[in-house]
Amino acid sequence: MIKGKTKSGFSYELDKERLNNYELLEAIEELEENTLVLSRVVNLLLGKEQTKKLKDHLRTENGIVPTKKMSEEITEIFQNQGETKNS
């Protein structure tokens with residue numbers, strides 16, 4: 001299990017198997033061409049329960065989960081894993 005926290009304060013736990021998932025790799029590759037795949041990447045990476053927690057963490061007063069903020073959080077989570085592996 002890999003634990004981390006984003007700059008915005010979202011704490012997460014990743015099962016190492018999730019990072020070693022070929023379908024996640026495919027979704028990330030597809031994301032470069034189609035931003036609508038972001039939801040699939042988030043679900044494959046975090047699972048349903050943590051995805052819901054992240055959406056609630058990012059939700060605005062108006063009940064909106066900003067796409068840009070979601071993308072930034074997921075990018076940061078991936079970057080944190082790279083830093084963890086290099087440490």
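The values are calculated or read from the model by the stated rules, or taken from the named source; none is laboratory data. Note that this is a predicted model, so its numbers are computed, not measured. Here the Cβ is made from the backbone with ideal geometry for all residues, glycine too, and neighbour counts use every protein chain on show. These accessible areas exclude ligands, DNA and RNA; they are computed on the full protein's heavy atoms, side chains included. Shrake-Rupley method; radii C 1.70, N 1.55, O 1.52, S 1.80 Å.
How far is it, in nm, from the label point at Lys7 to the one at Glu29 when both lie 7 Å from their Cα along the line to the Cβ?
So the label points at Lys7 and Glu29 sit 3.0 nm apart.
How would you order 67-73, 42-48, 20-26 from highest to lowest mean count of nearby Cβ atoms within 10 Å? Kindly include the intermediate steps, with their values, before the conclusion.
Working: 67-73: 15.3, 42-48: 17.4, 20-26: 11.6.
Highest mean packing first, the order is 42-48, 67-73, 20-26.
What accessible area per residue comes out for the stretch 2-78, rounded to a whole number of Å², with a 1.4 Å probe?
Values: 5360 Å² over 77 residues.
That works out to 70 Å² per residue.
Assuming R0 = 25 Å, what is the FRET efficiency of Ile64 and Asn43, from their Cβ-Cβ distance, to the nearest 0.05? Display every interim value, and only then the final one.
Working: r = 19 Å, r/R0 = 0.76.
Calculated transfer efficiency: 0.85.
What does the C-alpha gyration tensor say about the overall shape of the chain? Classify as rounded when a/c is under 1.5, otherwise prolate if a/b is larger than b/c, or oblate.
On the way: a/c = 1.68, a/b = 1.18, b/c = 1.42.
Cα axes put the chain in the oblate bin.
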